[in-house]
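Have a look at the structure below before the remarks.
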Amino acid sequence: MIYSLLILSPSVSGHGSRLGAEFARSAIARGHSIRRVFFLDAATTASSCNSIFAQDELNPAQAWEALHEEHAVELVICISSALKYGMLDDTEADRHGRPCASVNPAFTVSGLGQLVDACANSDRLMTFGG
Amino acid sequence: MVLHTLSAAPSGAAFNDCLKVLQAGDTLVLFGDGVYAALEGTAACDKLRATQAELFVLESDARLAGIAKTAANISWLDMDGLVALTERFPRQLAWY
């Protein structure tokens, strides 16, 4: 089956980001494919390339990056949320006159249409919040 | 038939909202802070069982919360099991 995921929790608190990444890895292990993972609201902070976690703390952002590198999972952050949380790729940093990007290159900045497309072209949409 | 997932604690509004629509034939998976509803002897646990829905709790999250044993009629589930449930259910309702 084709799955897409909607992540609503920030990576620094709550459970949604961690659980979503664990779910994606298990789904792939069972032979499913992940069409897209869409990060909305505070969940967009998972894309920060500036977050530093203590070595003994679980870092969901690393789990997402690994899924992208190992399985080419597409990670998309909502542009309107991302801008509010200071998550800028090179294009947005340039457009808004900021000195540097803050988004991990494993993530793509795009619009809500990507979520609609993911829903329309997946067998399952799983939402992880809280 | 709907697959419900609850990641909010029983003290939160999401728990009561979930309870209102949960019914026999549905399946509920507790994870995150939702695992506290799997504690035997709590009002939350009794309310969930009264719905006659099929009840699961994510074992890894429950053990992190210090829950070593689930209440009667609530089964352990691992992440692989959650994926298997989503293969059965076309729709998920996420309560958080």
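The values are calculated or read from the model by the stated rules, or taken from the named source; none is laboratory data. No experiment lies behind these values; they were computed from the predicted model shown. Note that each Cβ is placed from the backbone with ideal geometry, even for glycine, and that neighbours are counted across all protein chains shown. Each accessible area value is taken on the protein alone, full model and side chains, heavy atoms only, with ligands, DNA and RNA left out. Shrake-Rupley method; radii C 1.70, N 1.55, O 1.52, S 1.80 Å.
Residues that are in a helix (DSSP H, G or I) and open to solvent by 30 Å² or more (accessible area, probe 1.4 Å) were ranked within segment B:61-83; the one that is farthest from the other protein chains (Cβ to nearest Cβ) is B:63.
Of all the residues in segment B:27-52, those that are open to solvent by 10 Å² or more (accessible area, probe 1.4 Å) and more than 14 Å from every other protein chain (Cβ to nearest Cβ) number 12. How about segment A:79-106: which of its residues are in a helix (DSSP H, G or I) and over 13 Å from the mean Cα position of the chain (by Cα)? Correct list: A:80, A:83, A:84, A:90, A:91, A:92, A:93, A:94, A:95. The numbered conditions (1) in contact (Cβ under 8 Å) with a residue 40 or more places away in the chain; (2) of a type in the set (A, V, I, L, M, F, W, C); (3) in a helix (DSSP H, G or I) are all true for residue A:43 except (1). Here residue B:17 passes the criteria (1) within 14 Å of chain A (Cβ to nearest Cβ); (2) touching a strand residue (DSSP E or B) at 6+ places or on another chain (Cβ under 7 Å); (3) crowded, with 18+ Cβ neighbours inside 10 Å except the one numbered (3).
Considering each residue of segment A:106-116 in turn, at least one proves to be over 24 Å from residue A:49 (Cβ atoms), of a type outside the set (Ser, Thr, Tyr) and more than 14 Å from chain B (Cβ to nearest Cβ). Checking each residue in segment A:53-74 for being open to solvent by 40 Å² or more (accessible area, probe 1.4 Å) and either in a loop (DSSP other than H, G, I, E, B) or more than 17 Å from residue A:6 (Cα to Cα) (or both) picks out A:53, A:54, A:55, A:56, A:57, A:58, A:62, A:69, A:70, A:71, A:72, A:74. Looking only at segment A:56-78, residues that are of a type in the set (A, V, I, L, M) and over 12 Å from the mean Cα position of the chain (by Cα) come to 2 in all.
Among the residues of segment B:18-59, write down those that are in a helix (DSSP H, G or I) and more than 21 Å from residue B:89 (Cβ to Cβ). Scanning segment B:18-59 gives B:33, B:36, B:43, B:44, B:45, B:46, B:47, B:50. The set of residues from segment A:6-31 being at the interface with chain B (Cβ under 9 Å from one of its Cβ atoms) and assigned to a loop (DSSP other than H, G, I, E, B) comprises A:8, A:9, A:14, A:15, A:30.
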